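The values are calculated or read from the model by the stated rules, or taken from the named source; none is laboratory data. Keep in mind it's a predicted model, so treat the numbers as computed, not measured. Glycine also receives a Cβ, built like all others from the backbone with ideal geometry; neighbour counts cover every protein chain displayed. For the accessible areas, the whole protein counts, side chains as well, though only heavy atoms, and no ligand, DNA or RNA atoms are used. Shrake-Rupley method; radii C 1.70, N 1.55, O 1.52, S 1.80 Å.
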Amino acid sequence: MELARPGERRRREERQRDAEPITRRVFLFRGAIGMAFAGLGAKLWSLQIAEGSRFEDAATDNITRSETLKASRGRILDRSGRPLAENRRTWAVKLMGNRLPDDDEDRQRVLDRVVQALDLKKVLVLDRTLVPVGSEAAIVNQCEQRLGVDGATLLARITRDDAYLELLREDLGDAEGEELKSSLSDIPGIRVMSELKYALEINTTPDLPIVVKHDIAREKALELAANVMYLPGVIVDDTALIRQYSGGTAFSHLLGYVGPISEQEYDQETTSTGGRIYEPDDSVGRGGVEEALEKRMRGEKGIRWVQVDAVGVERSEIIDLRRDPKDGLSARLTIDRELQVRVTEELQIGIDFANAEASKEEREEVGAGVAIVMNPRNGEILSMVSLPTFDNQKFIGGISEQDYNEYLDDKFTPLLNRAISGEYPPGSVLKPLLACAALQEPVIAPLDTIQCKGQIRVPWTWDETQGNTYPCWDPAGHGDVDLFKGIAQSCDVYFYNVGAPKSQTDAGINVHYYNPNDQQPHEFRGLGIENIEKYLKSVFGFGTTTGIELAGEAEGLVPNPKWLFQSDLHEYWSIGDTINVSIGQGHLLCTPLQLLNGTAAIANGGTLYIPRLIRDLVDEEGKIVERFPAKKLRELQIDKQHINDVREGMRRTVTEGTGLGKITLKDVEVGAKSGTAEYGEAVDGKYKKSHAWFTAFAPYNDPEICVAVMIQGGGAGSIYAGPVTNKILEAYFNTPGIREAAQSRD
């Protein structure tokens, strides 16, 4: 037998081993190795190919990040440059939703730390996603009954497609939040959460910062800033600016306020290239000058690029890429700060006095009024006060629901600027304007007399012995009255004849009236409602806005037969309607600013100006960028002599008429007119409610100021509004600096 060589034997053994079947253990081991390599390959493909761009962006973001540089909002100054609204640098904490940790536990740790550090409150919300479909009305009804919310408004909100969380209560302490959560646990959808979590859940742009809290104490801000490395997503901003209304509440209606931008405003306001003008955490002007000059005062934002580390902590700035913001323009108003404060004080004293007297006479509470001071030479508003007012500082960053509801529930509506938005019957302060019209037509002459015996009776066309009685404010009557006495004594019977026209009925009977104990009929020869409407609208500017630089101005109402028939009253015009309008009553309504503007046109000799509140705009260096010159609306189409005759009647109001003893200004001659505008329902022909009006201008020969005062529901104008007007005149002429500032032209 031949023996195998050693090399051949080894090769044969190897072939034998290769032919042996693979054991299960070896198979599993080899499979695991293969799967590991396959998984590694898939992960590499995912990281480099499928999600490569996302990680590339993240890596880039870890290197550079852009930050918006907010522009400083322009200031608001009085006519002498004293600040009324300015910006105060403060600390703010912001949160970037997309930079919070992905891990739920880490994320909650960051949020809890912020809530604790800033002492954030809780809110009560209704989560629509937890409200069973079809039970919305029932849930809202429970919320209305147990929380006192407006059910109709809440139902409308939660049935919108974009509704998610609806705020019910805010600024809740821990104990109050837990109590509400427990007591309302039977209402599906009720949730109590922190203010921070609520802000995050309603935030639709997690890649942009939301302001968690502004105006934070420096120590608290530095404490958070020192730990920002361990609080991803938290930004401590030491460049935040907060609006400060240094003028106080006396200027709230004039200035308005700044509040958080709405989602709609954020989406709609874009540059010519489609870029965003605002950031989601910006504030915009609301009401007053803040809204009127929003585009000029907001400025232009800048941008900077910074290098940051992986957790978002800034390491350095790329200076070459920086674009500094451009500050907004500042507005210098025509208002005098000191005069505004004095007028506010005097008007409040007048309102308090009227209210005290109303309480004695068991009349309704008095709590509102208006006082406006204008330069009749150019239409500049020197002071404009509407009471009650509100605290516009509360609106910075968003007013609390409780504070806002208190304003809404106040029966004297402090959020309403009565000077431009309140509509009232003017009463007898309208008489000088109608006297101008009557002289121009002419339906009267200055020395023509009308006999006043305290009232007139206008007979019915179907019964001469019966009719409607129209009284004069003085039951004893004024005797023979000409134009000058008619204005000075504010004789109603005289102005019935100024307004009511000579006309005939369908039966050809002249419309006439009877004096008491007199069987002799007297014909009317006045303007008629068509002429009254023409002069009030086309000459004096009633029935339309004045054009002042404020939003929300009302138009008022100059009635006519067509309007009355088409209104809800659906009545035919009568001679009585014209008689009422002729003394500033009936359906006639105007704003205090409209009335003052028309009176100022008489005071200055016949020029109607557009009321002006803004003098000029200045840049950050104080250089005037744009001036707002006086603008004439029109010259009154009334002869100068007629205007002078009316002015003389207003002078006699102070020296011998209804203003005698009410205007006590020394060494300055004044023209004035009082008015008592009755409203509401008459009982036995008498009204218990009336607005107190008083208008005046001075000095008489060369007027510098024109004043209008109205105390809502205050009573007799000469008694309650007259003394306030007198105090305003005294403040203007006797307080050092006020008169000089008001007449300055630089």
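Would you give the gap between the C-alpha center of the stretch 221-274 and the C-alpha center of the stretch 379-445, rounded to a whole Å?
With the stretch 221-274 and the stretch 379-445 each reduced to a Cα centre, they are spaced 31 Å.
Quick one: if the Förster radius is 30 Å, what FRET efficiency do Gln402 and Thr68 give, using the C-beta to C-beta distance and rounding to 0.05?
Values: r = 33 Å, r/R0 = 1.09.
Computed FRET efficiency for Gln402 and Thr68 comes out at 0.40.
Average projected area of the Cα convex hull of the stretch 61-123, in nm²?
Working: hull surface 30.7 nm².
For the Cα atoms of the stretch 61-123, the hull's average projected area reads 7.7 nm².
Under 17 Å from the Cα of Lys122, which lysines turn up, not counting those fewer than eight places away in the same chain?
Filter leaves Lys181, Lys197, Lys213.
Report Rg(Cα)/(2.2 N^0.38 Å) for the chain, keeping two decimals. Display every interim value, and only then the final one.
Values: Rg = 37.7 Å, N = 746, 2.2 N^0.38 = 27.2 Å.
Dividing the Cα Rg of the chain by 2.2 N^0.38 Å gives 1.39.
Counting only protein heavy atoms, what percent of the accessible surface of the chain is carbon or sulfur at a 1.4 Å probe? Write out the running numbers ahead of the final one.
Details: 18090 of 37130 Å².
About 49 percent, which is the carbon plus sulfur part of the accessible surface.
With a 1.4 Å probe and all protein chains left in place, how much accessible area per residue does the chain have, in Å²? Mind dumping the intermediate values first?
Details: 37130 Å² over 746 residues.
Result: 50 Å² of accessible area for each residue.
What size of dipole, in debye to the nearest 20, comes out for the chain about its Cα centre when the only charges are +1 on Lys and Arg C-beta atoms and -1 on Asp and Glu C-beta atoms?
Details: 88 positive and 116 negative charges, 409 e Å.
Result for the chain is approximately 1960 debye, rounded to the nearest 20.
Between Asp448 and Lys623, what is the spin-label point distance in nm, taking each point 7 Å from the Cα along the Cα→C-beta axis?
Going from the Asp448 label point to the Lys623 one covers 6.1 nm.
Residue farthest toward the positive end of the dipole of the stretch 152-251, with Cβ of Lys/Arg at +1 and Asp/Glu at -1: which of Val192, Ala226, Ile210?
Ile210
P(r) tail for the stretch 420-513, what percent of Cα pairs lie past 17 Å?
Numbers: 2442 of 4371 pairs.
Summing the P(r) of the stretch 420-513 above 17 Å gives 56 percent of all pairs.
Got the relative contact order for the stretch 357-500 handy, in percent, Cα pairs under 8 Å and 6 or more residues apart? Could the numbers behind the result be given before it?
Numbers: 169 pairs, mean separation 23.8, N = 144.
Reported relative contact order: 17 percent.
For a test of the definition: using alpha carbon positions, the gyration tensor, and the 1.5 limit on a/c, classify the stretch 537-677 as rounded, prolate or oblate.
Numbers: a/c = 2.19, a/b = 1.22, b/c = 1.79.
The shape class here is oblate.
Below 8 Å between Cα atoms, with a sequence gap of 6+, how large is the relative contact order for the chain in percent? Please report the intermediate quantities before stating the final value.
On the way: 1488 pairs, mean separation 98.8, N = 746.
About 13 percent, as a whole number.
With label points built 7 Å along Cα→Cβ from the Cα atoms of Lys534 and Gln264, find their separation and express it in nm.
Distance between the two pseudo-spin positions: 4.3 nm.
Assuming 0.36 nm per residue, please report the length gained on full extension of the stretch Glu300 to Thr273 beyond their Cα-Cα distance. Don't skip to the end; give the middle numbers.
Numbers: separation 27, 0.36 × 27 = 9.72 nm, distance 1.46 nm.
Gain on extension, Glu300 to Thr273, equals 8.3 nm.
With the dipole of the stretch 632-746 worked out from charges on the C-beta (+1 for Lys and Arg, -1 for Asp and Glu) around the Cα centre, which of Pro703, Leu665, Trp693 lies farthest toward the positive end?
Ranked along the dipole, the leading option is Trp693.
Would you compute the Debye intensity of the stretch 501-596 from its alpha-carbon atoms alone, equal scatterers and no solvent, and pass along log10 I(q)/I(0) at q = 0.17, 0.19, 0.21 Å⁻¹ to two decimals?
The Cα Debye sum returns log10 ratios of -0.84, -0.98, -1.11.
As an exercise, identify the GluC sites (Glu not before Pro) in the stretch 348-436 lying in DSSP coil whose Cβ has no more than 10 other Cβ atoms within 10 Å.
Numbers: sites: Glu357, Glu361, Glu362, Glu364, Glu365, Glu380, Glu401, Glu406, Glu423; in loops: Glu361, Glu362, Glu364, Glu365, Glu423.
When the GluC sites (Glu not before Pro) of the stretch 348-436 are filtered for loop state and at most 10 Cβ neighbours within 10 Å, Glu361, Glu362 remain.
Shape verdict for the stretch 346-424, please, from the Cα gyration tensor: rounded (a/c under 1.5), prolate (a/b greater than b/c) or oblate.
Details: a/c = 2.35, a/b = 1.04, b/c = 2.26.
Oblate.
Relative to the Cα centre, what is the charge dipole magnitude of the stretch 257-361, using +1 at the beta carbon of each Lys and Arg, -1 at the beta carbon of each Asp and Glu, and rounding to the nearest 20 debye?
Numbers: 15 positive and 24 negative charges, 96 e Å.
So the dipole magnitude of the stretch 257-361 works out to roughly 460 debye.
Quick check: residue separation of Lys640 and Glu201 times 0.36 nm, minus the Cα distance between them. What number comes out in nm?
Details: separation 439, 0.36 × 439 = 158.04 nm, distance 6.80 nm.
Roughly 151.2 nm would be gained on extension.
If I model the stretch 77-201 as equal point scatterers sitting on the Cα atoms and use the Debye formula, what is log10 I(q)/I(0) at q = 0.10, 0.17, 0.22 Å⁻¹?
Normalising to I(0) and taking log10 leaves -0.45, -0.93, -1.25.
Which whole-number percent of Cα pairs in the stretch 246-343 have a distance greater than 17 Å?
On the way: 3114 of 4753 pairs.
Taking all Cα-Cα pairs of the stretch 246-343, the fraction more than 17 Å apart is 66 percent.
Any chance you could run the full-extension gain for Ala138 through Val308? It's 0.36 nm times the residue separation minus the Cα-Cα distance, nm to one decimal. Walk me through the numbers before you get to the answer.
Working: separation 170, 0.36 × 170 = 61.20 nm, distance 5.21 nm.
Length gained, Ala138 through Val308: 56.0 nm.
At a 10 angstrom cut-off on C-beta neighbours, averaged per residue, how do the peptides 589-601, 439-451, 174-186 rank from highest to lowest? Could you put the intermediate results ahead of the total?
Values: 589-601: 27.4, 439-451: 16.9, 174-186: 13.1.
Put in order of decreasing packing, that is 589-601, 439-451, 174-186.
What relative contact order, as a whole-number percentage, does the stretch 120-261 give when Cα pairs under 8 Å and 6 or more residues apart are counted? Each step should come with its number before you reach the end.
Numbers: 126 pairs, mean separation 40.3, N = 142.
Result for the stretch 120-261 is 28 percent.
Label-point separation (nm) for Thr159 and Arg315, each offset 7 Å from Cα along Cα-to-Cβ?
According to this spin-label approximation, the distance is 5.7 nm.
Net charge near Ala117: determine it from the other residues with C-beta under 14 Å of the C-beta of Ala117, scoring Lys and Arg +1 and Asp and Glu -1. Could you put the intermediate results ahead of the total?
Numbers: positive: Lys94, Arg109, Arg113, Lys121, Lys213, Arg218, Lys220; negative: Asp112, Asp119, Glu195, Glu219, Glu223.
Value of the local net charge: +2.
Can you work out ³J(HN,Hα) from phi for every residue in the stretch 136-149, in order, using Karplus 6.51 cos²θ - 1.76 cosθ + 1.60 and θ = phi - 60°, giving whole Hz and x for Gly and Pro?
4, 4, 5, 5, 4, 4, 5, 5, 5, 6, 9, 10, x, 7
Would you please state the base-10 log of I(q)/I(0) at q = 0.10, 0.11, 0.16, 0.17 1/Å for the stretch 169-311, with intensities from the Debye formula using one equal scatterer on every alpha carbon?
So the normalised log intensities are -0.54, -0.65, -1.19, -1.25.
For the stretch 597-639, with only Lys/Arg (+1) and Asp/Glu (-1) charged at the beta-carbon, what is the dipole magnitude about the Cα centre, in debye rounded to 20?
Numbers: 7 positive and 7 negative charges, 39 e Å.
Dipole about the Cα centre, nearest 20: 180 debye.
Rounded, prolate or oblate: which fits the stretch 145-212, taking a ≥ b ≥ c as square roots of the Cα gyration tensor eigenvalues, rounded meaning a/c under 1.5, else prolate when a/b beats b/c?
Details: a/c = 2.30, a/b = 1.23, b/c = 1.88.
Since a/c reaches 1.5 but b/c is at least a/b, the shape of the stretch 145-212 is classed as oblate.
Using the Kirkwood formula over every pair of different C-alpha atoms, what hydrodynamic radius in Å results for the stretch 633-715?
Values: mean 1/r = 0.0693 Å⁻¹.
Averaging 1/r across every pair of different Cα atoms and inverting gives 14.4 Å.
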